Amino acid sequence: MAGSDQTRKSFKLRSQRWFDDPEDPGMTALYTERYLNFGLTRGELQSGKPIIGIAQTGSDLAPCNRHHIDLAKRVRDGIIAAGGIPMEFPIHPIQETGKRPTAALDRNLAYLSLVEVLHGYPLDGVVLTTGCDKTTPACLMGAATVNIPAIVLSGGPMLDGHYRGQLTGSGTIVWAARKQLAAGEIDYEQFMELVASSATSVGHCNTMGTALSMNSLAEALGMSLPGCAAIPAPYRERGQIAYATGQRIVEMVHENLRPSDIMTRQAFENAIVAASAIGASTNCPPHIIAIARHMGVELKIEDWDRLGHDIPLLVDCQPAGRFLGEAFHRAGGVPAVMKELLKAGMLHGEAMTVTGRSYAANLEGLEEPDREVIRAYAAPMKPRAGFAILSGNIFDNAVMKISVIDAEFQRRFLSEPPGVFEGKVVVFEGPEDYHDRIEDPSLGIDERTVLVIRNCGPVGYPGSAEVVNMQPPAALIKAGVDTLPTMGDGRQSGTSGSPSILNISPEAAVGGGLALLKSGDPIRIDLNTRKVDVLIPAAELAARRAAWQPPKLVNKTPWEEIQRSMIGQLGTGGCLEPATAYLNILESRGES
Ligand code: FES
Ligand code: MG
């Protein structure tokens with residue numbers, strides 16, 4: 001547990017087993033000599049100072065996190081000032097928008113390699129540099145498995161984007177601009193310029209997409225210093241909190257304050273509640289569940305509805321609202337949101353954090369936020385704005401983001417009776433099939449159509465593709481219907497404002513009921529009962545199941561094959577299932 005002066009003195013740092021083991025001078029010499037070759041002294045390595053890893057996620061290939069290359073210098077300064085020795089090392093790059101076929105392949109790969117580094121090298125603690133979507137869960141999953149003192153340093157969002165006087169937010173502007181291009185309102189040049197206007201500076205997506213959501217939830221979990229998540233990447237406070245983070249991890253090592261002290265069941269419940277209040281990305285449930293499983297905390301997809309659905313939306317950020325990262329930070333950021341939730345009795349205030357104090361203690365004396373951007377709990381942007389977890393006769397669970405259902409969607413699709421939609425499905429076999437056929441008039445897509453996409457899950461795609469927020473055909477958009485209900489076994493970008501039914505588990509490729517749907521099947525979506533049912537007789541469904549053949553899956557890389565052989569479904573975090581058996585591995589080796 002969190003330490004006292006007594007615990008400070010009572011244990012030997014694990015790094016000393018490498019660098020200062022009097023019982024094995026041969027190995028000590030071997031371990032030590034090579035770390036001297038860039039200027040460290042034997043005195044430093046044998047002084048008993050904590051060796052602190054800086055897990056570097058930034059590189060030219062990972063531009064959202066590239067700023068961490070500079071921030072790491074301030075982290076080093078902080079570590080040294082507090083009496084530690086920094087050792088920076090690279091993390092497998094995960095670039096959300098640049099990696100083919102999808103960055104979702106790489107979360108578990110980065111996780112796996114981080115576990116190996118934290119376990120196998122002489123590190124006493126680690127600073128996790130996070131930012132772009134999957135870098136945050138990959139780092140937290142790795143720290144959870146090893147259970148070594150760890151602290152998150154977010155890289156921060158880019159500055160706000162602007163185009164002709166309007167705010168343009170990462171990703172969200174892409175979805176809007178695509179519709180404008182399809183409707184012929186803008187040409188290619190304007191389209192490219194409009195989209196690029198959202199990328200203003202170093203940093204990650206400035207909308208409440210998966211990056212800002214996951215960094216906010218890392219803070220909600222208690223794993224970063226208060227206020228860390230939302231500071232824009234270029235602000236001076238970003239460098240200052242990098243320094244403070246470096247200082248703090250050294251103290252955490254002395255206090256033996258570990259992820260298992262912080263990421264408790266209470267912390268995960270706090271994260272679920274925070275996710276609703278910030279209007280978090282639909283990618284958060286699988287990531288948070290994956291972190292919990294690697295921490296040994298049982299968290300179910302149904303917990304998101306049970307604990308989070310009735311929580312109101314407090315943050316006015318795109319895609320659920322209007323503003324971007326800078327305004328969110330200036331309004332008070334995550335601490336201001338957590339304070340609202342604490343005052344409303346919705347938070348476990350006693351949950352421990354990286355500061356060594358409870359969440360409630362961290363929030364003491366906090367000023368009132370800017371109410372235009374962060375609302376009071378009693379006067380929210382939207383009531384009951386958390387995720388709905390749906391199930392039915394063709395799948396066990398799926399996620400729907402309630403906070404992005406706007407009045408127009410509500411009126412058009414969910415009004416008679418309220419919360420219920422009946423229509424017919426048009427089924428696509430994947431993103432390529434969707435792009436090939438969406439404009440085909442013979443599909444008969446109209447405003448009673450549910451667009452369905454399958455073979456996009458963790459096994460099918462592989463990795464799981466962000467494709468469920470399918471755009472209607474251009475003719476329908478021109479006629480004023482720019483959104484249709486959609487569902488699928490893939491994911492969608494956290495920057496998308498589409499109220500899709502996604503992350504359907506089990507996915508079609510492993511024999512989930514979605515595989516049995518045929519275009520033209522009638523379907524009923526009832527948000528009141530959380531049920532999605534295809535309205536065809538059970539005998540017909542059974543006959544289709546009997547005739548179902550698993551798809552032929554083609555692996556393009558060794559990792560695709562390895563991951564496909566052991567990955568679970570999105571409803572249980574999309575984890576490498578054998579890895580979830582390895583809990584607290586330092587302790588199980590007697591190294592804690
Ligand atoms: Fe990297 Fe959005 S693409 S943060
Ligand atoms: Mg994404």
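Criterion applied to ILE52, ILE69, ILE80 was being at pLDDT 95 or above, closer than 20 Å to GLU255 by Cβ and part of a helix (DSSP H, G or I), and the one residue passing it is ILE80.
Quick grid of which residues meet (1) at pLDDT below 95; (2) closer than 25 Å to LEU109 by Cα:
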site: ALA509; (1), (2): no, yes
site: LYS518; (1), (2): no, no
site: ARG530; (1), (2): no, no
site: ASP533; (1), (2): no, no
site: ALA547; (1), (2): no, no
site: GLN569; (1), (2): no, yes
site: GLY573; (1), (2): no, yes
site: LEU576; (1), (2): no, yes
site: ARG589; (1), (2): yes, yes
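The condition (being acidic (Asp, Glu), within 21 Å of the chain's Cα centre (by Cα) and modelled with pLDDT of 95 or more) is satisfied by just one residue among GLU255, GLU219: GLU219.
A count restricted to the stretch 407-428 and to residues that are in a loop (DSSP other than H, G, I, E, B) and surrounded by fewer than 18 Cβ atoms within 10 Å (Cβ to Cβ) stands at 3. For first residues located in the stretch 200-221 and more than 16 Å from ligand 2 (Cβ to nearest atom), partners that are among the β-branched types (Val, Ile, Thr) and not in a helix (DSSP H, G or I) and lie 6+ apart or on another chain with Cβ distances below 6 Å form the pairs ALA218/VAL152.
Among helices (runs of 4 or more DSSP H) entirely within the stretch 107-215, having at least 1 residues that are in contact with a Pro (Cβ under 9 Å, 6 or more places away or on another chain) and buried (at least 24 other Cβ atoms within 10 Å of the Cβ) singles out 107-120, 135-146, 172-182. Does VAL146 meet the test of being within 16 Å of ligand 2 (Cβ to nearest atom) and out of contact with any strand residue (DSSP E or B) (no Cβ under 8 Å at 6 or more places or on another chain)? The answer is no for VAL146. Restricting ALA277, ALA320 to residues that are at pLDDT below 95 and closer than 20 Å to GLN492 by Cα narrows the list to ALA320. Is at least one residue of the stretch 473-484 within 16 Å of ligand 1 (Cβ to nearest atom), farther than 27 Å from ALA542 by Cα and not in a strand (DSSP E or B)? Looking for residues that are within 16 Å of ligand 1 (Cβ to nearest atom), farther than 27 Å from ALA542 by Cα and not in a strand (DSSP E or B), one finds none in the stretch 473-484, hence no.
Within the stretch 222-247, the set of residues being in a helix (DSSP H, G or I) and hydroxyl-bearing (Ser, Thr, Tyr) comprises TYR243, THR245. The set of residues in the stretch 55-70 being away from ligand 1 (no atom under 15 Å from the Cβ) and out of contact with any Ser or Thr (no Cβ under 7 Å at 6 or more places or on another chain) consists of ILE69, ASP70. Checking SER498, SER588, SER493 one by one, the residue that is free of Cβ contacts under 8 Å to residues at least 60 places away in the same chain and not aliphatic (A, V, I, L, M) is SER588 and no other. The set of residues from the stretch 543-561 being without any contact (Cβ under 8 Å) to a residue 60 or more places away in the chain and within 23 Å of LEU451 (Cα to Cα) comprises ARG544, ARG545, TRP548, GLN549, PRO550.
When ILE94 is tested against (1) assigned to a loop (DSSP other than H, G, I, E, B); (2) away from ligand 1 (no atom under 16 Å from the Cβ); (3) in contact (Cβ under 8 Å) with a residue 24 or more places away in the chain, just one condition goes unmet, and that condition is (2).
Of everything listed in (1) more than 28 Å from VAL481 (Cα to Cα); (2) within 16 Å of ligand 2 (Cβ to nearest atom), the single unmet condition for THR129 is (2). Does GLU507 meet the test of being surrounded by fewer than 18 Cβ atoms within 10 Å (Cβ to Cβ) and among the acidic types (Asp, Glu)? Considered against the rule, which asks whether it is surrounded by fewer than 18 Cβ atoms within 10 Å (Cβ to Cβ) and among the acidic types (Asp, Glu), GLU507 comes out as no.
The values are calculated or read from the model by the stated rules, or taken from the named source; none is laboratory data. Predicted model, so just to flag it, every value in this text is computed and none were measured. Cβ sites come from the backbone with ideal geometry, for glycine too, and all protein chains shown count toward neighbours.
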